[in-house]
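The structure appears right after this line, and notes come after that.
A short reminder: the numbers here are calculations on the coordinates, not readings from a lab. Keep in mind it's a predicted model, so treat the numbers as computed, not measured. Note: ideal-geometry Cβ built from the backbone for every residue, glycine included; neighbour counts use all protein chains shown.
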Amino acid sequence: MIHRISAQLVLLVVVVSTIGCDRVTKHVATTALAGVSTRSYLADTVRLEYVENTGGFLGLGADWPDAVRMSLFTTGTGLVLLVMVGVAVRLRWHGWRLIGVSLVFAGGASNWVDRVARGSVVDFMNVGVGPLRTGIFNVADVAIMVGVSVLLLAAARPAGVTWNPSSN
């Protein structure tokens, strides 16, 4: 019983801290970066630039009609998040799979809140060296990518090898 409660507490902390960090950094980006030129740090390895992304990943679909964007990126994303949680509960995922799905959910939910409230997602970070650069992203996007990586690694582990981080 205590083991189960501690695992649930870890997941709650992962979700709440991920969403909280994303919300705070987006607020700071909105107040400190909107309307100013790009800021560059670490010999231009890190750039901070305020962008309101009306599209999806890396701006995909930003030029689509409003109704299509709303259906896909708001309604569709909300449904995918609900289905994802439902699958994790139904299949009784635990350990790394549950941590991965929690990160994807937290990042997706925080970006979804932006879409519902603003009609766009606040992005503000870009990293790279010279011409080799990422797109502009936010903390929620990092959580989604880390969560997907965790899920892929959990799925790729050799058969019979299990490790549950909450079983220590």
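Results, tabulated for the structure shown:
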| read-out | value |
| --- | --- |
| The stretch 11-96, relative contact order [Cα under 8 Å, separation at least 6], % | 13 percent |
| Positive minus negative residues near Thr54 (Lys, Arg vs Asp, Glu; Cβ under 10 Å) | 0 |
| Lys/Arg +1, Asp/Glu -1 at C-beta; the chain dipole; positive extreme among Gly100, Gly119, Pro131 | Gly100 |
| Electrostatic dipole magnitude of the stretch 15-103 [Cβ: Lys, Arg +1; Asp, Glu -1; Cα centre; debye, to 20] | 460 debye |
| At least 30 Å along the helix axis (C-alpha) and Kyte average at least -0.5, DSSP helices within the chain | 2-33, 95-118 |
